[in-house]
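Input: a single structure, listed below in C-alpha coordinates.
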Amino acid sequence: MTLNQYRDLVDQLGGEVGERIAALVDELEESRKIIRGKKYPPLLGSKEVAEQIGADPKNMHHVRKNKMFPEPDVMVGTRPFWFKPSIDEYQERMEEWRSKDKPE
(Lines give C-alpha, C1' and ligand atoms only; values in the text may rest on other atoms or scores of the structure.)
Protein backbone atom coordinates (compact mmCIF):
# COMPACT_ATOMS: atom_id res chain seq x y z
CA MET A 1 0.00 0.00 0.00
CA THR A 2 1.11 3.56 -0.63
CA LEU A 3 1.01 6.21 2.07
CA ASN A 4 -1.99 7.80 0.36
CA GLN A 5 -3.82 4.48 0.53
CA TYR A 6 -3.10 4.32 4.24
CA ARG A 7 -4.46 7.87 4.59
CA ASP A 8 -7.65 6.73 2.84
CA LEU A 9 -7.84 3.80 5.26
CA VAL A 10 -7.52 6.22 8.17
CA ASP A 11 -10.53 8.14 6.86
CA GLN A 12 -12.52 4.91 6.57
CA LEU A 13 -11.59 3.54 9.99
CA GLY A 14 -11.72 6.68 12.08
CA GLY A 15 -11.54 6.39 15.84
CA GLU A 16 -8.50 5.50 17.89
CA VAL A 17 -7.22 2.94 15.38
CA GLY A 18 -7.40 5.49 12.59
CA GLU A 19 -5.60 8.05 14.74
CA ARG A 20 -2.79 5.59 15.48
CA ILE A 21 -2.38 4.68 11.83
CA ALA A 22 -2.36 8.38 10.91
CA ALA A 23 0.35 9.03 13.50
CA LEU A 24 2.47 6.21 12.09
CA VAL A 25 2.02 7.49 8.53
CA ASP A 26 3.00 11.01 9.66
CA GLU A 27 6.09 9.64 11.39
CA LEU A 28 7.04 7.62 8.33
CA GLU A 29 6.68 10.66 6.07
CA GLU A 30 8.77 12.73 8.46
CA SER A 31 11.46 10.03 8.54
CA ARG A 32 11.53 9.85 4.75
CA LYS A 33 12.09 13.62 4.54
CA ILE A 34 14.96 13.38 7.00
CA ILE A 35 16.55 10.47 5.17
CA ARG A 36 16.30 12.25 1.84
CA GLY A 37 18.09 15.22 3.38
CA LYS A 38 15.18 17.53 2.67
CA LYS A 39 14.47 18.31 6.27
CA TYR A 40 16.37 17.99 9.49
CA PRO A 41 14.55 18.10 12.81
CA PRO A 42 15.69 20.79 15.20
CA LEU A 43 18.44 19.67 17.54
CA LEU A 44 17.88 20.83 21.13
CA GLY A 45 20.40 21.24 23.92
CA SER A 46 19.56 20.86 27.60
CA LYS A 47 18.50 24.51 27.91
CA GLU A 48 16.04 24.28 24.98
CA VAL A 49 14.68 20.96 26.25
CA ALA A 50 14.12 22.48 29.68
CA GLU A 51 12.24 25.39 28.12
CA GLN A 52 10.05 23.06 26.06
CA ILE A 53 9.10 20.79 28.96
CA GLY A 54 8.80 23.60 31.51
CA ALA A 55 11.72 22.54 33.70
CA ASP A 56 14.42 24.63 35.30
CA PRO A 57 17.57 24.27 33.16
CA LYS A 58 19.59 23.86 36.36
CA ASN A 59 17.60 20.70 37.16
CA MET A 60 17.97 18.91 33.81
CA HIS A 61 20.29 16.32 35.40
CA HIS A 62 17.34 15.32 37.63
CA VAL A 63 14.88 15.31 34.72
CA ARG A 64 17.20 13.00 32.74
CA LYS A 65 17.06 10.42 35.55
CA ASN A 66 13.35 9.84 34.82
CA LYS A 67 13.14 6.39 33.22
CA MET A 68 10.77 7.73 30.55
CA PHE A 69 13.16 10.50 29.49
CA PRO A 70 14.88 9.65 26.18
CA GLU A 71 18.58 9.06 25.83
CA PRO A 72 20.32 11.83 23.89
CA ASP A 73 20.12 11.45 20.11
CA VAL A 74 23.53 13.06 19.69
CA MET A 75 26.48 13.64 22.01
CA VAL A 76 29.00 16.37 21.22
CA GLY A 77 31.81 15.67 23.62
CA THR A 78 29.99 15.36 26.93
CA ARG A 79 27.07 17.59 25.91
CA PRO A 80 23.76 15.85 25.13
CA PHE A 81 21.42 16.92 22.34
CA TRP A 82 17.97 15.64 21.37
CA PHE A 83 15.99 15.93 18.16
CA LYS A 84 12.78 17.85 18.80
CA PRO A 85 10.56 14.87 17.84
CA SER A 86 12.21 12.81 20.62
CA ILE A 87 11.24 15.44 23.20
CA ASP A 88 7.75 15.85 21.69
CA GLU A 89 7.23 12.09 22.06
CA TYR A 90 8.47 12.21 25.66
CA GLN A 91 5.99 14.99 26.44
CA GLU A 92 3.14 12.99 24.91
CA ARG A 93 4.05 9.91 26.98
CA MET A 94 4.23 12.02 30.15
CA GLU A 95 0.84 13.60 29.43
CA GLU A 96 -0.69 10.15 28.90
CA TRP A 97 0.90 8.87 32.11
CA ARG A 98 -0.30 11.88 34.10
CA SER A 99 -3.84 11.62 32.72
CA LYS A 100 -4.02 7.95 33.81
CA ASP A 101 -3.19 8.91 37.40
CA LYS A 102 -5.95 11.52 37.68
CA PRO A 103 -9.13 10.35 39.38
CA GLU A 104 -12.22 10.64 37.22
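The values are calculated or read from the model by the stated rules, or taken from the named source; none is laboratory data. Owing to the predicted nature of the structure, the values given are computational and were not obtained by experimental measurement. Note that each Cβ is placed from the backbone with ideal geometry, even for glycine, and that neighbours are counted across all protein chains shown. Accessible surface areas use protein heavy atoms only, side chains included; no ligands, DNA or RNA. Shrake-Rupley method; radii C 1.70, N 1.55, O 1.52, S 1.80 Å.
A few points about this structure:
- When residues in the stretch 5-18 are screened for being open to solvent by 70 Å² or more (accessible area, probe 1.4 Å) and of a type in the set (Val, Ile, Thr), 1 of them pass.
- In the stretch 2-61, the residues that are closer than 20 Å to Asp88 by Cα and among the hydroxyl-bearing types (Ser, Thr, Tyr): Ser31, Tyr40, Ser46
- Check on Glu89, under 30 Å from Leu3 (Cα atoms), part of a helix (DSSP H, G or I), open to solvent by less than 100 Å² (accessible area, probe 1.4 Å) and at pLDDT below 90: no
- Residues located in the stretch 38-50, provided they are exposed (fewer than 14 other Cβ atoms within 10 Å of the Cβ) and at pLDDT below 85: Lys38, Lys39, Tyr40
- Considering the conditions (1) open to solvent by 100 Å² or more (accessible area, probe 1.4 Å); (2) under 16 Å from the mean Cα position of the chain (by Cα); (3) free of Cβ contacts under 8 Å to residues at least 24 places away in the same chain, Trp97 is excluded by exactly one of them, (3).
- Comparison of Ile35, Ile21, Ile53 shows that the only residue that is open to solvent by 80 Å² or more (accessible area, probe 1.4 Å) and either at pLDDT below 85 or of a type in the set (A, V, I, L, M) (or both) is Ile35.
- Residues (open to solvent by less than 50 Å² (accessible area, probe 1.4 Å), of a type in the set (Val, Ile, Thr) and not in a helix (DSSP H, G or I)) located in the stretch 58-77: Val74
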